[in-house]
Amino acid sequence: MMKEIKIFSPATVANVSCGFDVLGFCLDGIGDEIIVRKVDKKGIYISKIEGYDLPFEADKNVAGVSALALLKEANPDCGFEIEIYKHIKPGSGIGSSSASASGSVFAINELLGKPFNKTQLTYFAMQGEKLASQSEHADNVAPGIFGGFTLVKSLQPLEILEIPTPNDLYATIIHPQIEIKTSESRAMLPKEIPMQDAIKQWANVGSLIHALHTSNYELISRSLQDVIVEPYRSKLIPFYNEVKNQSINSGALGCGISGSGPSVFALSKGIETAKKVASAMINVYSETNIGFETYVSKINVEGIRILNR
Ligand code: HSE
C-alpha cells in the first residue's frame, strides 16, 4: 500500500452569484500542493508549510483540523505527516482554506485505501473550513473534492449534487491584493431578506442549474445575478462595478464576487472570450495602485489530482 502521496488541490469559486453558500465550481492551474506520508506515531503532524505564514499546530491549521476529523472516524493504526505548499493566498476568495482542508483529507483517504466517499470527505473538510470562516458551509470544499459544479442540497444530512459542466465554459478571475476575511464579510450580511428578493434569487438559482444541465449559455448569462449578497459585499471590493461592467462589455456571460471576495470571477463561452475578459479586468486595475493577479481557467471537472501516481 502507498506510503506517500502528492496531490494538487485546486482553487474554487463559491456562491457563483446567485447560489450563496450552496453553489460552487472548481478551477484549474491554481491550487495548493500537498504531500502526505504515513508515520508510525498516531496523530497529524504538519512538518512543512511553504508560501504563507500559517500555524503548524494541527488543531489550529485548517488542513490539520480536517485531517483530525477524518482520523477520529477512521482511527487508523498510524499517523500522518503533512507538507503544504500553498500557492493560494489566504483571504483571496478563491477557496484558499478549502484547498488545504479538502486536499489533506483526500490524500489521507487515498493512503488508507479509500474508506470514505466524497460526501464524507466533504464533511471532514468542512470542519477545517469552519475554523477559517467561523461558520459551516461546503460550497468551496465540495467542488474541489467532486470537481466541476456542485450544489450543496443540505448540510444536515450533508448532501452534495454534482451539476454538469458545459464543455466550452471558462472562468476568468481577478484577485486584487487586498484581504477580506470571510468571517467579517459574512457578519455584514442581513439576517432577513425581502420576499421579492428571495423570489428573484431562487428563480436565478433554478434557472442557472437548468442552464448548466442543458449547456444553455444564454440562460447561464441571464441567471448569473445576485440581488441579495452582492449589494453588500461589492462595497468591500474597490472598482467592483467597473470590473463587472467591463467584463460584460468584453463578452462575459456574467461576473460576480468569488466567495466572500476580494476576487471577482467571470464566466465566458470559449477561451478567447475569457482572455478578452482578463484584459478588460487588467485594464481597470492597471489604472489603480492596487496590485492584482489574474487567471483564466477551464472549469476543472476532475477536482483534486494525484501527482505521483
Ligand atoms: N459561501 C461562503 C461565503 C464562501 O460567501 O461566505 C466563502 O467561504
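The values are calculated or read from the model by the stated rules, or taken from the named source; none is laboratory data. What you see is a predicted model; the values in this text were computed from it and never measured. Here the Cβ positions follow ideal geometry from the backbone for every residue, glycine too, while neighbour counts run over all protein chains shown. The protein model used for the area step is the full one, side chains on, heavy atoms only, and it has no ligands, DNA or RNA in it. Shrake-Rupley method; radii C 1.70, N 1.55, O 1.52, S 1.80 Å.
Things to note:
- Expected 222 nm ellipticity per residue - DSSP helices of 4 or more, -39500 (n - 2.57), all of the chain, to 500: -11500 deg cm²/dmol
- The range 70-141: translational diffusion in µm²/s, Stokes-Einstein, Kirkwood Rh over Cα pairs, 4 °C, 1.567 mPa s: 102 µm²/s
- Exceeding the 18 Å Cα-Cα cut-off - candidates K275/K298; K38/K114; K3/K114; K86/K114; K181/K276: K86/K114; K181/K276
- The 1.4 Å probe gives accessible areas that order Y285, Y295, largest first, as Y295, Y285.
- Stretching the chain fully between Y85 and K114 yields a gain of 8.1 nm (0.36 nm per residue, less the alpha carbon separation).
- Helix 195-214 vs. the chain, principal-axis angle (Cα, 0 to 90°, nearest 10): 70 degrees
- In Å, descending, principal axis extents of the Cα set of the chain: 57, 41, 37
- For the pair M2 and N241 in one chain, pulling the backbone fully straight at 0.36 nm per residue adds 81.1 nm over the alpha carbon distance.
- With the highest mean first, a sort of the peptides 264-275, 188-199, 152-163 on other beta-carbon atoms found within 10 angstrom per residue produces 264-275, 152-163, 188-199.
- Ordering of 62-72, 135-145 by burial proxy (mean other Cβ atoms within 10 Å per residue, highest first): 135-145, 62-72
- Relative to the longest principal axis of the Cα atoms of the chain, helix 271-286 runs at roughly 80 degrees.
- Between N75 and S286, the simple label model (points 7 Å from Cα in the Cβ direction) yields a spacing of 6.1 nm.
- Based on C-alpha pairs under 8 angstrom that are at least 6 apart in sequence, the chain has a relative contact order of 24 percent.
- Sequence ranges 250-263, 81-94, 108-121, ranked by mean other-Cβ count within 10 angstrom, highest first: 250-263, 81-94, 108-121
- Mean projected area (nm²) of the alpha-carbon convex hull when the range 178-309 is viewed from all directions: 10.2 nm²
- Helix 118-133 axis, angle to the chain major axis (alpha carbon atoms, nearest 10°): 80 degrees
- Accessible-area value, R305, 1.4 Å probe, nucleic acids and ligands omitted, Å²: 70 Å²
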